[in-house]
1. Condition first: under 30 Å from LYS128 (Cα atoms) and part of a helix (DSSP H, G or I). Can you find one or more residues in the range 59-73 that meet it?
2. Looking at the range 94-112 only, could you name the residues that are in contact with a strand residue (DSSP E or B) (Cβ under 7 Å, 6 or more places away or on another chain) and at pLDDT 90 or above?
3. Suppose we keep only residues that are touching a residue at least 12 places away in the same chain (Cβ under 8 Å) and of a type in the set (Gly, Ala, Ser) within the range 142-175. Which one would you say is surrounded by the fewest Cβ atoms within 10 Å (Cβ to Cβ)?
4. With the requirement that a residue be surrounded by fewer than 23 Cβ atoms within 10 Å (Cβ to Cβ) and under 14 Å from the mean Cα position of the chain (by Cα), what does the range 185-199 give you?
5. Residue by residue through the range 86-110, note down the ones that are farther than 17 Å from TYR38 by Cβ and hydroxyl-bearing (Ser, Thr, Tyr).
6. Residues to consider are GLU132, GLU139, GLU114, GLU125; find the one that is of a type in the set (D, E, K, R), within 28 Å of GLN59 (Cβ to Cβ) and without any contact (Cβ under 8 Å) to a residue 24 or more places away in the chain.
7. Return the total of residues in the range 34-58 being farther than 17 Å from SER96 by Cβ, of a type in the set (A, V, I, L, M, F, W, C) and not in a loop (DSSP other than H, G, I, E, B).
8. Kindly list, by first and then second residue, each pair from a residue in the range 13-34 that is of a type in the set (A, V, I, L, M, F, W, C) to a residue that is surrounded by fewer than 17 Cβ atoms within 10 Å (Cβ to Cβ), limited to pairs with Cβ atoms under 6 Å and residues at least 6 apart or on different chains.
Amino acid sequence: MYGRTHGYVNISEAIKVSCNSYFYEVGRRVGISDIVTYAKLFGLGEKTGIEIGGELKGQIAGDNYKGDWYLGETLSASIGQSYNSYTPIQLANYISTIANGGTLNKITVIKSVEDNEKKSVSLDELNKYGAEYTGVTFESKNLNLSQKNIDAIKLGMLYVTSDSGGTSYNTFKDLGIEVAGKTGTAEVTSGSSNGIFVGFAPYDRPKIAIIAIIEHGGEGTYTANVVRPIMDEYFKIEKQDKLNEKKQNVVENGVTF
């Protein structure tokens, strides 16, 4: 459209600039069957078992498709379009899996439970109750992914926010903490596209994973502006907690500097 291309790019650079052509070619080579297989491996299109009623399963483009399937549909699916429909919690867990190096964790909103005698309920008991309540049995698992591949993806996500030309560089360039992210633009049947941003931080030692979706938000670049203040606040609170802990140690333990 602008009379130029991205030129030769690798996976990290393709993530940085959100190069559709690169992922079209990946989809063409891999095929829809493997795309579906790996999407399921990361928990997409499957209920997470989070302890909230009414969780939706979502949908993976090409999964159990009964009609004719054409190459063009595979190309569309390879960039997240077509019949793909994932829930925010699935995407958050997917990004967490990338961030932690390949472990798909069980999602929960429960930190701990105490009985009426103030005794902690065991994790096994909590998981058993959760499975009965949700009807979903979900166990954390290591996906045994290639560290080389994980590192290439994470590097691309770092480029998105920290490299000039990255799709969210202007939003995160002066945050002070390295954020890894990916913008997304989900086309809908009517109106402007939905804007999506997924990310985690800090890049080298991840502590938080975030997904933000703005319906009819245009594109993920704009949605990144919603995530920036969340990151700001999270790490501000963490920093203050550490300062408070330090002050407490000084008072209680007589620590001197």
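The values are calculated or read from the model by the stated rules, or taken from the named source; none is laboratory data. Note that the coordinates shown come from a computational prediction; the quantities given were computed from them, not determined experimentally. Cβ sites come from the backbone with ideal geometry, for glycine too, and all protein chains shown count toward neighbours.
1. Checked against the condition, which is being under 30 Å from LYS128 (Cα atoms) and part of a helix (DSSP H, G or I), the range 59-73 yields no hits at all.
2. Listed by number, the residues that qualify are ILE95, SER96, THR97, ALA99, GLY102, THR103, LEU104.
3. Per the stated criteria, the residue is GLY165.
4. none
5. Passing the criteria: THR87, THR108.
6. Selected residue: GLU132, the only one of GLU132, GLU139, GLU114, GLU125 that is of a type in the set (D, E, K, R), within 28 Å of GLN59 (Cβ to Cβ) and without any contact (Cβ under 8 Å) to a residue 24 or more places away in the chain.
7. 2
8. VAL17/HIS6; CYS19/HIS6; CYS19/VAL9
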